[in-house]
Amino acid sequence: MGMVRLRAETLTTRLRELGVATPQQLDQAKQELLQRQERFSAILVRHGVLRDAEAGKRLASQLGAIPQRVEASPITVAAVTQIPLTTWSTHRLVPFQVLEGTVLLATDDPLSVFALDFLKDQCGCPLDAVLIREQEFGPLLEQFGAVASAPQAVAGPSPAPPPAAERPTVPKPPTAQSAATPSRHDGPDGPAPSHDVGDEPIIKLVDSMLAEAVRMRASDVHVEPGREQLRVRYRIDGVLHDVNSPPKALQGPVTSRIKILGGLNIAEKRLPQDGRLQMSVEGRPLDVRISALPASHGESIVMRLLDRSQPIRGLPEMGILPEDQARWEELIHRPHGMVLVTGPTGSGKTTTLYGALAMLNRPDRKLITVEDPVEYQLRGVNQVAVKSSIGLTFSAGLRAMLRQAPDVIMVGEIRDQETAQVAIQAALTGHLVLSTLHTNDAPSAITRLIDMGIAPFLVASTVQGILAQRLVRRICPSCRITDNATPEERAFLGEPEVLQVVRSTGCDACHNSGFVGRIGIFEILPISDAIRQLIVTKATASAIQAVALREGMRRLRDDGCAKIREGLTTMAEVLRVVSDG
């Protein structure tokens, strides 16, 4: 027939090269298969090697296994018909032909080849497997079930067929294992990469990279390919740091391993991809968001690490001053209207909104969020994840949320006019709406909404207040020192009489960076009647800021100066995140 048969040795080599599984992991799974009736892929799921039991099918082309058409003929060999149909179905194998004394089995899961030794001992005859397309497996299994259950002569000596009551009906192909199983790995469609790394432990390399990042308190891991090197950097307290990087030769296997972890298609290298996984590192549960971006010398990978064991930080933990905290709480406890948080990516906006939701979350209130993605699970809050690929956008999710009669709505981000209009309408109809915008300061959020096409009178009547924020690094308490202030620092603080400031020298506790953790600097703009009149007349952001300053608003820069005087951060840190204006 010329059919290409699956070989366990070949698959073992390819799985190792792809960084999916080591030979030791496969041997352990095979030992377990001998002790229980379970699909091989499902065993690998429980071991944390695969993301779900269907991953074996998606790995087919990457493993070099090409599905082929088969010509089925009735199988009446007693050695295979005496094995229950449920056993064949569980292992995703179906006998379809005898060739030169060997029973050929068809499968749509290439990893099922590792069950052949187990089944060979039960059949007592040689077995081989070939890969077929998934849509052909069900009909072929049904045909075999009909033949096996029919009372007919069988080839060779055979016991009488078992009673019909003992023969199960043909089951439907099994679905993926329950999502309750902790999962880490996935194998999407696509051919295998051409890199050969021999016995390099790619799995352990990537795992150790993530473990080191967690130990160093990194929020992101950046894997960036260059012409002659593979660069790895950790973002710690908002700043990138170079770390020991693997050789350039490992770029392909490392990239493939990370993409498999996140359920990405390792064959697709021309388009950006996003994925995520849940894993545990040193006993700490992590959510990892993975982004792959095609670049000149390969795919740039960023893994964002979210430690689910850490409590959500509120504004007091982020260092907000008591008077600003009182203003913020007054805003979010209003019965309706819109409250906005602004700042660039990575400034802690979502964390601030989560803290507000935790404060508002009471049994007599219904809270709903629409986010992209849902970063932390909040008990008692209905959280919706955006899925643009199926039409579930921010605006669509927000419209649906309004039919749920919520008291408080949180929109992860207002990105476009449609989302802004729906959010404004929700605020007008008696809901408290919390959301974020990407603007440099609080007054600019007003002009941004108007630029999006929202009528100024609607902005004036719905927006209750705006919080702008940044995150600056906190001086390490283990190596902090008091030093003479420079003329530049005295000028920045606006206090020539200031003679000393706090600095850090760097130590092992802070990895010689001089900083441990971050604190926030804030700017709160409550919308007063005077500011509402400016909004209606489409005044500029600078005009709104001038009135707000007269009414007592403290700018980001001013709040940063207050943190410097308290010895919490440095002038360089404040200047890193805000302009010197």
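Observations on the model:
- When you filter the GluC sites (Glu not before Pro) in the stretch 1-101 for DSSP loop state and at most 10 other Cβ atoms inside 10 Å of their Cβ, you are left with E71, E100.
- Once the 1.4 Å probe is applied to the protein heavy atoms, the stretch 270-346 comes out at 48 Å² accessible per residue.
- Its Cα gyration tensor gives the stretch 383-466 an equivalent ellipsoid, and the semi-axes of that ellipsoid, as √(5λ) in whole Å with the largest first, are 21, 15, 11.
- Residue-wise HN-Hα couplings along the stretch 275-282, as the Karplus relation 6.51 cos²θ - 1.76 cosθ + 1.60 with θ = phi - 60° gives them from phi, are x, 7, 8, 10, 8, 10, 10, 6 Hz; Gly and Pro carry x.
- Ranked by how many other beta carbons lie within 10 Å on average, peptides 408-420, 426-438 from highest: 408-420, 426-438
- Label zone at E330 (point 7 Å along Cα-to-Cβ), backbone N below 13 Å, the stretch 457-493: 465-466
- Antiparallel bridges, percent of DSSP beta bridges restricted to the chain (to nearest 5): 65 percent
- Farthest toward positive dipole pole in the chain [+1 Lys/Arg, -1 Asp/Glu at C-beta], among L18, L104, I481: I481
- Fraction of accessible area attributable to carbon and sulfur, the chain (%, probe 1.4 Å): 51 percent
- Members of K57/K248; K248/K269; K57/K387; K57/K259; K30/K259; K259/K387 lying beyond 22 Å, as alpha-carbon distances in this model show: K57/K248; K57/K387; K30/K259
- When the alpha-carbon atoms of the stretch 76-116 are used, the pair Rg, Dmax equals 10.1, 26 angstrom.
- Inter-part distance where the stretch 454-493 and the stretch 560-581 are each reduced to a Cα centre, Å: 7 Å
- Segment S309..V536, full-extension length gain: 77.1 nm, with 0.36 nm per residue of separation and the alpha-carbon distance subtracted.
- Of the peptides 41-53, 529-541, 441-453, 120-132, the order by per-residue mean of other Cβ atoms within 10 Å, starting with the highest, comes out as 41-53, 441-453, 120-132, 529-541.
- Helix 322-332 axis versus longest C-alpha principal axis of the chain: approximately 60°, rounded to the nearest ten.
- Shown here: the stretch 440-581, whose C-alpha atoms stretch 54, 32, 18 Å along the first, second and third principal axes, sorted largest to smallest.
- Note on the chain: helix-only mean residue ellipticity at 222 nm, from DSSP H runs of 4+ residues weighted -39500 (n - 2.57) and normalised by residue number, equals -9500 deg cm²/dmol.
- Backbone N within the stretch 556-581 under 20 Å of label point (7 Å from E488 Cα along the Cβ vector): 557-581
The values are calculated or read from the model by the stated rules, or taken from the named source; none is laboratory data. Owing to the predicted nature of the structure, the values given are computational and were not obtained by experimental measurement. Here Cβ is always computed from backbone atoms with ideal geometry, including for glycine, and neighbour counts include all displayed protein chains. The accessibility values were calculated without ligands, DNA or RNA, using every heavy atom of the protein model including side chains. Shrake-Rupley method; radii C 1.70, N 1.55, O 1.52, S 1.80 Å.
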